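Some notes on the structure that comes next.
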Amino acid sequence: MKPKEVIEKWIGAFNEGNPKKISEFYHDDAINHQVANQPVVGKTAIRQMFEHEFNQAEMTCIIENIFEDNDWAILEWKDPLGLRGCGFFQIENGKIKFQRGYWDKLSFLRQHKLPIPTE
């Protein structure tokens, strides 16, 4: 499966809010680094991250663009509340090896009426 196809299927699982199904798209030692947070390492930890996130807020990924370059897929997305972001996915053997995402965490927290951490 090409990187773009993997990400299109990943988005389907994301929009179902199904952490177990989403985690099956990752290698056992994958890294998911949403730059607003610390990197999450390993398929099990990534599943747990999605479980936590889906319990906090209802999230929907609307595709704006998907680009492909060799073993990378680049996703530009938005959500129904107007938040926008992008994700970079390195695909090896049909699974995500590395993911990096950029989005505005403060806007996300405010939109979902979640606590804003103070440090």
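Is there a quick way to get the dipole size of the chain? I mean about its Cα centre, with the Cβ of Lys and Arg at +1 and of Asp and Glu at -1; what is the value in debye to the nearest 20?
Numbers: 15 positive and 18 negative charges, 41 e Å.
My answer is approximately 200 debye.
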- Item | Amide N proximity, region 1-30 versus Asp71 label position 7 Å along Cα-to-Cβ, cut-off under 18 Å | 1-7, 25-30
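Would you kindly state how much longer the chain becomes between Gln56 and Lys21 on full extension, computed as 0.36 nm times their sequence separation minus their alpha carbon distance, in nm to one decimal?
On the way: separation 35, 0.36 × 35 = 12.60 nm, distance 1.82 nm.
Contour length minus the Cα-Cα distance gives 10.8 nm.
Could you work out the helix-only [θ] at 222 nm for the chain, with each DSSP H run of four or more residues adding -39,500 (n - 2.57) and the total divided by the number of residues, to the nearest 500 deg cm²/dmol? Numbers along the way, then the final one.
Values: 4 runs with 40 residues, N = 119.
Result for the chain: -10000 deg cm²/dmol, rounded to the nearest 500.
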- Query: About its Cα centre, how strong a charge dipole does region 68-119 have in debye, to the nearest 20, once Lys and Arg get +1 and Asp and Glu get -1 at the Cβ?
  - Reply: 320
- Task: Over all directions, average the projected area of the Cα convex hull of region 43-113 and note it in nm².
- Result: 5.1
- Item | Residue among Phe67, Ala30, Ser107 farthest towards the positive dipole end of region 3-111, charges placed on Cβ | Ser107
- Message: So for the chain, if I pair up every lysine 8 or more residues apart or on another chain, how many of those pairs have alpha-carbons under 21 Å apart?
- Response: 27
- Query: In 10 Å bins starting at 0, how do the alpha-carbon pair distances of the chain split up by percent?
  - Reply: 14, 48, 33, 5, 0
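Estimate the FRET efficiency between Asp104 and Lys9 by the formula 1/(1 + (r/R0)^6), using the beta-carbon distance for r and 35 Å for R0, to the nearest 0.05.
0.85
Values in this text are rule-based calculations from the coordinates and carry no lab data. It should be emphasised that the depicted structure is a prediction, and the values quoted were computed from it without experimental measurement. Cβ: placed from backbone, ideal geometry, glycine included. Neighbour counts: every protein chain shown.
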